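One structure below.
FYI, it's all coordinate maths here, none of it is from the lab. These numbers come from a predicted model, not from an experiment. Methodologically, a virtual Cβ is constructed for each residue, glycine included, from the backbone with ideal geometry; neighbour enumeration extends over all protein chains shown.
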């Protein structure tokens with residue numbers, strides 16, 4: 001009997017450690033439960049968090065309680081079958097963003113191993129009933145990972161404080177470094193890359209890479225990448241709740257700030273539009289008195305906000321009738337890019353700019369960057385040259401030829417303003433127009449209505465629509481139907497990769513332009529058969 005108990009205990013421990021990869025992956029994608037994101041994900045996906053090995057748990061309970069060797073043997077068989085089934089499913093698993101084995105994940109795994117070994121030891125040396133605990137841990141693995149995250153919190157907090165103080169100390173020693181913070185609901189990464197390209201002609205410029213915009217991300221860049229030769233540091237700043245931007249500003253101490261556009265992104269975590277506005281404007285309120293903030297006069301939320309800081313404010317705009325510091329007009333666009341005129345306050349000249357970027361929102365991003373660059377006294381002719389050299393930004397309205405069609409890749413993320421901008425870009429293209437999208441997320445109570453509006457807008461632009469995920473795109477489909485979109489031109493799939501082959505099989509004499517709007521993270525992937 002004891003040999004069966006020990007064998008089964010060891011098997012369950014090995015099984016637990018193997019299946020924990022999926023749970024840790026979801027924890028990492030939910031920012032280690034920051035603002036309870038992981039637990040919210042669990043309760044939103046309650047069916048997925050109860051594993052298929054529940055039958056094995058039942059047999060373990062019966063075997064231990066009834067003290068029957070035959071039931072223990074059956075339990076062993078069931079766990080072997082469960083493990084084989086788990087390995088079978090892994091063959092078909094496609095992660096858009098794989099688990100990153102960081103030092104934090106390694107500490108996490110160590111804690112997980114210790115917990116499993118403790119209960120294995122108690123099972124072997126104290127009481128067989130602890131085997132039931134091991135089986136419960138297996139069936140409730142997602143919840144165990146949440147518990148381990150709580151257990152590790154004190155250690156992670158100490159590690160965090162060490163690297164935070166190290167980063168702050170490094171910045172204090174770089175007195176002449178120009179530090180720029182960029183935030184907003186949309187366009188942060190695009191604006192950051194545009195600003196980098198514009199400033200790089202005059203300064204040694206370092207920006208946070210990709211979409212790194214959290215405290216941990218900024219600390220890593222400062223500690224590992226920032227050097228004494230850098231003259232400008234551009235820090236992208238993201239937020240999911242009030243206080244997040246303030247914490248980032250307290251770390252890097254920016255003297256300059258750019259607010260892109262403020263909207264509904266992450267409304268689910270912020271709770272209200274007012275909270276979003278106040279959170280984003282924390283960057284402006286954190287500037288020193290001799291600081292400079294660049295704001296958008298066409299964004300009514302920014303205009304309505306009462307700034308309590310006495311820092312200098314530069315306004316940019318396109319449609320506003322009010323006087324601004326940098327204004328664009330005569331905007332023209334095609335698939336090669338955009339051309340526009342720019343007027344700087346205090347300068348009678350009109351400067352003509354061209355860019356390979358697509359979308360009116362990128363004109364705003366360029367204007368914000370020009371306003372700040374102009375305050376740095378960079379020659380305007382150099383600014384014209386720098387803007388012309390700006391390269392399209394990956395997955396942000398990036399147009400590229402794939403097989404027999406042009407892909408307009410806007411897959412990084414999506415929001416109501418960005419989605420509408422993307423549709424306007426698609427509408428300006430000649431030929432067959434296709435939209436591929438899973439819709440928009442994290443819009444709180446407005447998620448359904450905004451996706452429905454998105455569907456209505458799509459119906460007015462697209463010739464064909466490919467929806468990714470039946471459940472998440474229900475509102476978009478409803479919007480399409482209300483606009484009487486042709487059902488024969490509507491397709492629903494579960495994996496965005498299927499769309500590439502599908503589009504290549506479409507027969508048309510026209511050029512095909514396919515807008516890929518948003519690509520949901522693995523936490524939102526739907527499982528099931530193709531529709």
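Each Cα pair under 8 Å and six or more residues apart adds its sequence gap; the mean of these over the residue count of the chain is a relative contact order of 11 percent.
Computed on segment 392-523, with alpha-carbon pairs under 8 angstrom and 6+ residues apart, the relative contact order is 37 percent.
Where does helix 153-172 land angle-wise versus the long Cα axis of the chain, in degrees 0 to 90, nearest 10? Roughly 30 degrees, rounded to the nearest 10. Bridge orientation summary for segment 387-531: considering DSSP beta bridges with both residues in this region, about 20 percent are antiparallel. Available extension along the chain between residue 89 and residue 304 is 72.2 nm, counting 0.36 nm per residue and deducting the alpha carbon span. The smallest convex shape that holds all Cα atoms of segment 98-202, its convex hull, gives 167 Å³ per residue.
Sorted ascending by nearby beta carbons within 10 Å, beginning with the fewest, 517, 278 become 278, 517. Our note on the geometry: Cα centres of segment 37-78 and segment 272-335, 55 Å apart. A Förster radius of 45 Å combined with the Cβ-Cβ distance from residue 170 to residue 404 puts the calculated FRET efficiency at roughly 0.30.
For segment 453-524, compute Rg over Rh where Rg is the Cα radius of gyration and Rh is the Kirkwood radius from the inverse mean 1/r over Cα pairs.
Ratio of gyration radius to Kirkwood radius for segment 453-524: 0.95.
Could you give the Stokes-Einstein D for segment 1-61 in µm² per second, using the C-alpha Kirkwood radius, 25 °C, 0.890 mPa s? Answer from the Stokes-Einstein relation: 182 µm²/s.
In terms of surrounding Cβ atoms within a 10 Å radius of their Cβ, 40, 253, 192 rank from fewest to most as 40, 253, 192. Stokes-Einstein diffusion of segment 378-440 at 25 °C, 0.890 mPa s viscosity, Kirkwood radius from Cα pairs, rounded to a whole number: 180 µm²/s. Dividing the Cα radius of gyration of segment 396-503 by its Kirkwood radius returns 0.93 for Rg/Rh. The angle between the Cα long axis of helix 360-375 and the main principal axis of the chain comes to about 70°, on a 0 to 90 degree scale.
The alpha carbons of the chain stretch over 93, 62, 37 Å along the principal axes, in descending order. Seen against the Cα atoms of the chain and their longest principal axis, helix 2-29 is set at about 10 degrees. Counted over the chain, the DSSP beta bridges are approximately 30% antiparallel. Mean separation of Cα pairs under 8 Å and 6 or more residues apart, divided by the residue count, gives segment 46-181 a relative contact order of 31 percent.
Extension gain for residue 162-residue 352 works out to 63.5 nm (0.36 nm per residue, less the C-alpha to C-alpha distance).
Legend: calculated FRET efficiency, residue 136 to residue 272, from the Cβ-Cβ distance at R0 = 30 Å, rounded to 0.05, equals 0.15.
Distance between the pseudo-spin-label points of residue 18 and residue 498 (7 Å out from Cα toward the beta carbon): 2.9 nm.
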